[in-house]
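Below is one structure, written out as structure tokens; comments come after it.
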Number of protein chains: 2
Amino acid sequence: MEEIIVCEKNCNHDDKAVCIAKGAMLPESDVQRLAEMFKILGDPTRIKILHALTGRELCVCDLAETIGMGQSAISHQLRMLKGYRLVKYRKEGKEVIYSLDDAHILGLLCMGLDHINHS
Amino acid sequence: MEEIIVCEKNCNHDDKAVCIAKGAMLPESDVQRLAEMFKILGDPTRIKILHALTGRELCVCDLAETIGMGQSAISHQLRMLKGYRLVKYRKEGKEVIYSLDDAHILGLLCMGLDHINHS
DNA sequence: CTAACGTATGAATATATATTCATTCGTTTG
DNA sequence: CAAACGAATGAATATATATTCATACGTTAG
């Protein structure tokens, strides 16, 4: 699956470890996308939004009140979540109603919850 | 499982949604710990370190060379990972050899990889 | 058409974060 | 004991990030 890269530099101690580790490295693009994805989940406000939207759809205003933050802050975060396809929206009159777009990400959230509870 | 909180404020539109959403909210402490945990995984360098240490132990120097970054940068990140019990170390002469301390977290990494690949 | 409402947005601010540099510490080796 | 090495650390810096404020936009109601 992963291509083997030969390590050029000769370090003083055990070369082999570095060579093997280098060869096993994730492609940079995967690393970046992974980090990006986890970073999105690494913010309390965004977690609250995603969790609030599980099994429910809510307009911006209600989200803001539910979470207890300003409308603008929520809107900015929704913009980001929208960008990563984690939420979608539908317009109804003046309201914009958000819901989850990616059920898959909930698995990560749940697994995260498991992790912080069982340890 | 979760205690129901009654919402006081009367918003113009549908109160019920907010009440229910508020009642279903995660405890603040859970939210914080979840976010904290994901934030740790939300950095390319830390992902590289954790991934490099899967199935292998490496000293700081080799980690730095494997990843292609300065010793100090790696050391700072290891400090953080150590703080969250994601890595452990053992000393061998002048070297400090790190390994994973929490195999559980690898599940999250893998699941993350699945997620970015199948979507 | 105008006012009111819900939302989006840009700028500003405060804060957090990662990396580098210089230095120190501890261990080993000559 | 002194020099060399690997690692840790603190300060400094650069950069990213979240939130607030003010305002603009679009829709609806009067």
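For segment A:83-99, putting each phi into the Karplus relation 6.51 cos²θ - 1.76 cosθ + 1.60 with θ = phi - 60° gives couplings of x, 9, 6, 8, 10, 10, 9, 9, 9, 9, x, 7, 7, 10, 9, 9, 8 Hz, in residue order, rounded to whole numbers and with x for Gly and Pro. Using only alpha-carbon positions in chain A, the gyration tensor eigenvalues give semi-axes of 41, 15, 12 Å once each is multiplied by 5 and square-rooted (largest first).
Here's how it looks for A:D101: its modeled amide H is under 5 Å from those of A:V87, A:K88, which are all 5 or more places away or on a different chain.
Rounded to the nearest 500, the 222 nm mean residue ellipticity of the protein assembly as shown from helices alone is -17500 deg cm²/dmol, with -39,500 (n - 2.57) taken per DSSP H run of at least 4 residues. Remark: segment B:114-119, residue by residue, has Karplus-estimated 3J(HN,Hα) of 3, 5, 6, 8, 9, 5 Hz, where x stands for each Gly or Pro and the curve is 6.51 cos²θ - 1.76 cosθ + 1.60 at θ = phi - 60°. Hydrodynamic radius of the protein assembly as shown by the Kirkwood approach over all distinct alpha-carbon pairs: 19.7 Å. Remark: mean inter-chain Cβ contacts per residue of A:16-28 equal 5, using a 10 Å Cβ-Cβ cutoff to other protein chain atoms.
Once you charge only the Cβ atoms, +1 for Lys and Arg and -1 for Asp and Glu, what is the size of the charge dipole of chain B about its Cα centre, to the nearest 20 debye? Numbers along the way, then the final one.
Values: 15 positive and 17 negative charges, 98 e Å.
The calculated dipole for chain B is roughly 480 debye.
Let's see if you can work this out: charge +1 on each Lys and Arg Cβ, -1 on each Asp and Glu Cβ, no other charges. What is the dipole magnitude of the protein assembly as shown about its Cα centre, in debye to the nearest 20? Kindly include the intermediate steps, with their values, before the conclusion.
Numbers: 30 positive and 34 negative charges, 76 e Å.
Roughly 360 debye for the protein assembly as shown.
Straight-distance candidates among the lysines for linking to B:K22, with alpha-carbon spacing under 29 Å and chain neighbours fewer than 8 residues away dropped: A:K39, A:K48, A:K82, A:K88, A:K91, A:K94, B:K9, B:K39.
With each label modelled as a point 7 angstrom along the Cα→C-beta vector, the A:E92-B:K39 pair spans 3.5 nm. For segment A:24-119, trypsin sites (Lys or Arg not before Pro) are listed when DSSP marks them as loop and at most 10 other Cβ atoms sit within 10 Å of their Cβ; the list is A:K94. Scalar couplings 3J(HN,Hα) for segment B:59-73, obtained by applying the Karplus form with A = 6.51, B = -1.76, C = 1.60 to θ = phi - 60°, are 7, 4, 4, 5, 4, 4, 6, 4, 7, x, 9, x, 4, 5, 4 Hz; x denotes Gly and Pro.
Simple spin-label estimate for A:A103 and A:H76 gives 3.3 nm between the two label positions (7 Å along the Cα-to-Cβ direction from each Cα).
What FRET efficiency comes out for the pair B:R85/B:E28, r = Cβ-Cβ distance, R0 = 22 Å, nearest 0.05? Efficiency at R0 = 22 Å is approximately 0.50.
Values quoted throughout were computed directly from the atomic coordinates according to the rules given, and no laboratory measurement underlies them. Given the structure is predicted, the values throughout are model-derived calculations rather than measurements. Every residue, glycine as well, gets a Cβ built from its backbone with ideal geometry; the counts of neighbours run over all protein chains shown.
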